[in-house]
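S.K.: Just dropping this structure here.
The values are calculated or read from the model by the stated rules, or taken from the named source; none is laboratory data. Since this is a predicted model, take the numbers as computed values, not measurements. When we count neighbours, we look across all protein chains shown, and the Cβ atoms used for this are built from the backbone with ideal geometry, even at glycine.
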Amino acid sequence: MKEKDILKINVSHYEGLDIREEANCILKITNYHLKYCDIRGQVIKEISLKDIINVGVINDKHLKEKNKSVIGRGIAGGLLFGSVGLVLGGLSGTGTKQIKEDVQYIVVNYNENNENKVISVYVNGAFSGASFVKKLNNIVNLSKEENKCPNCGKEYNISEFKCSNCGQMLKSGKKLKVIFGVVIGIVIFIVFIAIIGLSVSNGTPKEVNIIERIANVEKDQAITINDILKDIGIEEFKNMSADSENLDGFEGVGSKGYRIETSFSDNVILYLDSNNNVICVRYADKDYYRNGQVLNKFD
Ligand SMILES: [Zn+2]
């Protein structure tokens with residue numbers, strides 16, 4: 001089974017890797033390993049999923065709620081915190097390491113030559129390292145199960161759906177899919193909502209588009225004109241047409257007239273001056289708007 005990336009997250013180094021503190025790196029989960037890579041993707045440290053003993057996420061805030069002496073000894077909930085725990089527990093011997101605020105430490109305990117080792121990296125800002133750790137835990141647990149084909153006994157990888165030997169359907173690939181199907185589902189959902197949100201917020205009312213096109217004005221002006229129509233009670237209208245032959249010049253030199261087709265009439269008349277400011281809106285020989293004032297309202 002080919003190795004493939006399942007999930008990755010950008011982190012900064014705290015301790016345990018052979019690189020400087022604060023160096024940016026990428027934490028990757030594959031179907032075989034947990035990998036710490038540099039920003040170009042070069043592997044710095046590779047841990048087999050089967051060698052991972054424990055994974056946790058901590059920050060200064062939720063450590064304060066825990067018993068300091070427990071943390072001070074470096075173990076809480078079975079997790080070895082390394083110097084993250086020592087510093088947070090107030091028992092740092094060296095005094096060289098500082099705990100950063102508003103970061104989340106992703107602490108990994110793993111077995112190397114029968115030693116329990118710790119690597120800690122941190123995620124900046126509000127982003128939740130917790131969800132990454134939760135998924136990592138799920139995958140570590142999956143990889144520790146007895147992954148042998150129930151039919152022929154061949155060992156399989158967590159990302160496999162089917163036994164490569166006998167074709168038996170396997171459950172772990174499905175579980176893995178569930179873990180990430182949810183994530184993909186959420187991402188698709190967010191994108192979907194964002195698209196809807198955009199189309200709503202960028203959606204120009206059709207009336208504004210009509211005014212823009214027929215009166216040949218800028219969008220800002222079209223919005224202003226539409227607002228005036230709304231002020232006199234025309235919340236929406238079907239269409240608008242220029243009638244230069246009959247209406248232009250009627251309200252002074254350079255004035256232009258347009259007929260607006262509403263639900264009740266196709267003869268509401270809008271007059272614009274040569275700068276496309278609204279002179280008046282008239283209907284049945286009555287002014288509804290003139291000189292910046294609402295005089296009557298349609299209801
Ligand atoms: Zn099989």
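S.K.: Does the stretch 139-162 hold any residues that are away from the ligand (no atom under 16 Å from the Cβ) and surrounded by 17 or more Cβ atoms within 10 Å (Cβ to Cβ), and which are they?
M.R.: Once the filter is applied, which keeps residues that are away from the ligand (no atom under 16 Å from the Cβ) and surrounded by 17 or more Cβ atoms within 10 Å (Cβ to Cβ), the stretch 139-162 yields ILE139, VAL140, LEU142, SER143.
S.K.: Can you tell me which residue in the stretch 168-179 is farthest from the ligand (Cβ to nearest atom), limited to those that are under 14 Å from ASN141 (Cα atoms) and surrounded by 13 or more Cβ atoms within 10 Å (Cβ to Cβ)?
M.R.: Filtering the stretch 168-179 for residues that are under 14 Å from ASN141 (Cα atoms) and surrounded by 13 or more Cβ atoms within 10 Å (Cβ to Cβ), the one farthest from the ligand (Cβ to nearest atom) comes out as ILE179.
S.K.: Also: Return the only residue of LEU63, LEU49, LEU17 being in contact with a helix residue (DSSP H, G or I) (Cβ under 6 Å, 6 or more places away or on another chain), of a type outside the set (Asp, Glu) and either loosely packed, with under 14 Cβ neighbours inside 10 Å or modelled with pLDDT of 90 or more (or both).
M.R.: Only one candidate qualifies: LEU49.
S.K.: When you look at ASN165, is it in the same structural domain as ILE47 (by TED's automatic domain parsing) and either at pLDDT 75 or above or within 16 Å of the ligand (Cβ to nearest atom) (or both), yes or no?
M.R.: Here the answer is no, as ASN165 does not meet what is asked.
S.K.: With respect to GLU115, is the statement that it is modelled with pLDDT of 85 or more, more than 16 Å from the ligand (Cβ to nearest atom) and exposed (fewer than 14 other Cβ atoms within 10 Å of the Cβ) true?
M.R.: yes
S.K.: If you don't mind, there's one more thing I want to ask. Looking only at the stretch 12-35, which residues are under 21 Å from ASN157 (Cα atoms) and part of a strand (DSSP E or B)? Walk me through how you get there before you give the answer.
M.R.: Filtering the stretch 12-35 down to residues under 21 Å from ASN157 (Cα atoms) leaves 27-35.
Within the stretch 12-35, LEU27, LYS28, ILE29, THR30, HIS33, LEU34, LYS35 qualify.
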